[in-house]
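Take a look at the structure below.
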There are 2 protein chains.
Amino acid sequence: MKLKSLSLLLMLTLSSTSALAVTCPPNAGELPSWANSDRRSAITEFVTEITNPNSPNFVATKDRIAVFDNDGTLWSEQPMYYQLVFTLEQIKGLASKHPEWKTQTPFKWVLEDDVESLMKADHYALLELLQATHSGLTVEAFQQIVHSWVTKSKHQRFDRSYIDMTYQPMKEMLSYLKANGFTNYIVSGGGSDFMRAWTEQAYGIPAENVIGSSFGYDVVKVGADTVIVKNGELVSNNDKQEKVANIQRVIGKKPILAVGNSDGDHAMLQWSTSQNNPSMAMIVHHTDSDREWQYDRDSSIGRLDKALNESKQKDNWHLIDMKNDWCTVYGASSTSK
Amino acid sequence: MKLKSLSLLLMLTLSSTSALAVTCPPNAGELPSWANSDRRSAITEFVTEITNPNSPNFVATKDRIAVFDNDGTLWSEQPMYYQLVFTLEQIKGLASKHPEWKTQTPFKWVLEDDVESLMKADHYALLELLQATHSGLTVEAFQQIVHSWVTKSKHQRFDRSYIDMTYQPMKEMLSYLKANGFTNYIVSGGGSDFMRAWTEQAYGIPAENVIGSSFGYDVVKVGADTVIVKNGELVSNNDKQEKVANIQRVIGKKPILAVGNSDGDHAMLQWSTSQNNPSMAMIVHHTDSDREWQYDRDSSIGRLDKALNESKQKDNWHLIDMKNDWCTVYGASSTSK
């Protein structure tokens, strides 16, 4: 399968650095997978400050809103977004029912493992693949398929199920925030229905706190029942400025903490830190080619360029150095038992 | 002002019935404004059943989702939707800055109190009025205007501020549900930004639990800050099937309790009661021309026809008879102090 060679190529083009990983500090409290660093302190100091009722920076519980990108921020995204991997694997699984796909692009490319053509294809080709695999069924039926895939299908490089490609330090951060009265939201380019199938299990984030891209819904009568069937109309591509608009639309409040990893999160970080309340932005910087991946300005997936520049100019923007700030990247496998 | 005569006309066309209101029962517990009736029992029995961990009908807290329409369900909607009253009053207030409106429909009709032309106008005319008053400013600035209006401007018939046109029995129901682990959402044709300016104060429902119609947002840089400016593009008209789609899109869970008052809520009631979990639908039936209004099948506002028929065929659909089930309609004024 050519996906493997693409992954290999990506790794070779990145500079290979020392494998000496940072060790986890003893008595690390609520954030045991975070090395002692300015980023760890930034998180605990921010939380301590805004939860202190005697501080001028106190923020009421109802306004403790934190937003997190998902791909590259809460789980990995290389060598390609995992929802895209899901889509390609679904196409292959459905191919026997669609003999016409053998000669029809972009399906043909998928079936022939022609990664090069797929990568060069425009977004209409991607949309067509998504429509073929994400529509024409109820939300419940779709989510059963996704849940099965995310817990059973395995990432080739790490031989872990995709739900185990989530970052242990970020899960600890989510728990720590929740324990301190925050409401955590995912705000991702991934599909809402796709993510909701597993985000509660992986992160403790329930469906109503997941804001993603979305296709349309048809509300139809089936016998005496009313059901929702997913259709292929793109309703929202939740990226860049659209993330800001969707946070306002769904939550109606401005977050005081925003965490992302790419320029797709830049507007969300800028908007969240444009306020009189204390606020903070964090960026997961992929600096660890051994334990995860190393990429930023030149990556086609998760490109981090303008937000990287801005993070260096602002006191309340923090760049998480994965290689040196995280003593653990992935936690114990949850699905191999 | 002709609005008054319209209101008078509406009242005269409705049959005037006895003014003998039902008395509030002693020891009414959490629902003191509800007379003893099958509807009061339906609420308390449903809540008792689904919160009983020993019952086969037990529903976990995270799935105790209740959805409420707003206009005609949580506050009155006669003689016209109050967001429309707001819009017309805003047009008049802005008229001195827009001399062109004197000759330009639909603005001209508003300035001349030509209610007849306004009522006959198509939805594009309404959209134009909404765009002129609901866009071109930040969400925060818009909500300040709305909050001031809803707490200060008065409804002519009752000489009460609009925020006091909210129903006391429904506020008690919301509190009772919340105390029993429910999360209450508003799902209304009213605008999200409009409602969020006052729903927490009136109902204890925070911004993130308000799902309404929406215009688009422009995310723009103003100096070093990133701000959201409301634009006039209609993103969602939250009515009928669209209510179902938006509940799925925002909450991602099916409610177990849905409350409405018109055929605009019919799909939401049908979908919420299409499930294996115990579920219930309620309809506020406007039967009290003395203390509120009396209307159903023939009303252009809040028409209740098909859902009224269905409520009579289903055991878990309950028709709230405002005249006989509510011993109080509006609570003490909150704004006249």
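Observations
- Hits in the stretch B:64-120 - residues which are small (Gly, Ala, Ser), surrounded by fewer than 19 Cβ atoms within 10 Å (Cβ to Cβ) and at pLDDT 95 or above: B:Gly93, B:Ala95, B:Ser96
- Residue among B:Lys254, B:Lys243 that alone is closer than 26 Å to A:Gln143 by Cα, part of a loop (DSSP other than H, G, I, E, B) and within 14 Å of chain A (Cβ to nearest Cβ): B:Lys254
- Within the stretch B:240-289, considering residues that are of a type in the set (A, V, I, L, M) and touching a His at 6+ places or on another chain (Cβ under 8 Å), the one farthest from B:Ser311 (Cα to Cα): B:Met280
- Qualifying residue in the stretch B:273-286 (condition: of a type in the set (A, V, I, L, M, F, W, C) and either assigned to a loop (DSSP other than H, G, I, E, B) or facing another protein chain (nearest Cβ under 9 Å) (or both)): no
- Residues in the stretch B:140-164 that are open to solvent by 60 Å² or more (accessible area, probe 1.4 Å) and farther than 12 Å from B:Phe86 by Cβ: B:Glu140, B:Gln144, B:Lys154, B:Gln156, B:Arg157, B:Asp159.
Residue-by-condition table, conditions (1) surrounded by fewer than 21 Cβ atoms within 10 Å (Cβ to Cβ); (2) among the small types (Gly, Ala, Ser):
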{"site": "A:Ala197", "(1), (2)": "no, yes"}
{"site": "A:Tyr203", "(1), (2)": "no, no"}
{"site": "A:Val222", "(1), (2)": "yes, no"}
{"site": "A:Ala245", "(1), (2)": "no, yes"}
{"site": "A:His266", "(1), (2)": "no, no"}
{"site": "A:Leu269", "(1), (2)": "no, no"}
{"site": "A:Asn276", "(1), (2)": "yes, no"}
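- Count - residues of the stretch B:164-208 that are under 11 Å from the mean Cα position of the chain (by Cα), within 14 Å of chain A (Cβ to nearest Cβ) and not polar (S, T, N, Q): 5
- Output for the stretch B:148-163, where each listed residue is out of contact with any Phe, Trp or Tyr (no Cβ under 6 Å at 6 or more places or on another chain) and either assigned to a helix (DSSP H, G or I) or within 14 Å of chain A (Cβ to nearest Cβ) (or both): B:Ser148, B:Thr151, B:Lys152
- For the stretch B:212-233, the criterion of being within 30 Å of B:Thr48 (Cβ to Cβ) and out of contact with any Gly (no Cβ under 6 Å at 6 or more places or on another chain) is satisfied by no residue at all.
Rundown of residues vs (1) more than 17 Å from the chain's Cα centre (by Cα); (2) among the β-branched types (Val, Ile, Thr), yes/no style:
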position	(1), (2)
B:Glu242	no, no
B:Ile247	no, yes
B:Met268	no, no
B:Ser279	yes, no
B:Asn309	yes, no
B:Thr328	yes, yes
B:Ser334	yes, no
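- Enumeration of residues in the stretch A:278-321 that are surrounded by fewer than 18 Cβ atoms within 10 Å (Cβ to Cβ), closer than 18 Å to A:Val67 by Cβ and out of contact with any helix residue (DSSP H, G or I) (no Cβ under 6 Å at 6 or more places or on another chain): A:Glu310, A:Lys314, A:Asn316
- Filter result (without any contact (Cβ under 8 Å) to a residue 40 or more places away in the chain and either under 21 Å from the mean Cα position of the chain (by Cα) or more than 10 Å from chain A (Cβ to nearest Cβ) (or both)) within the stretch B:213-232: B:Ser213, B:Ser214
The values are calculated or read from the model by the stated rules, or taken from the named source; none is laboratory data. Computed from a predicted structure; not experimentally measured. With ideal geometry, Cβ positions are generated from the backbone for all residues, glycine too; neighbour counts draw on all protein chains shown. To get the accessible areas, we keep the full protein, side chains included, count just its heavy atoms, and leave off ligands, DNA and RNA. Shrake-Rupley method; radii C 1.70, N 1.55, O 1.52, S 1.80 Å.
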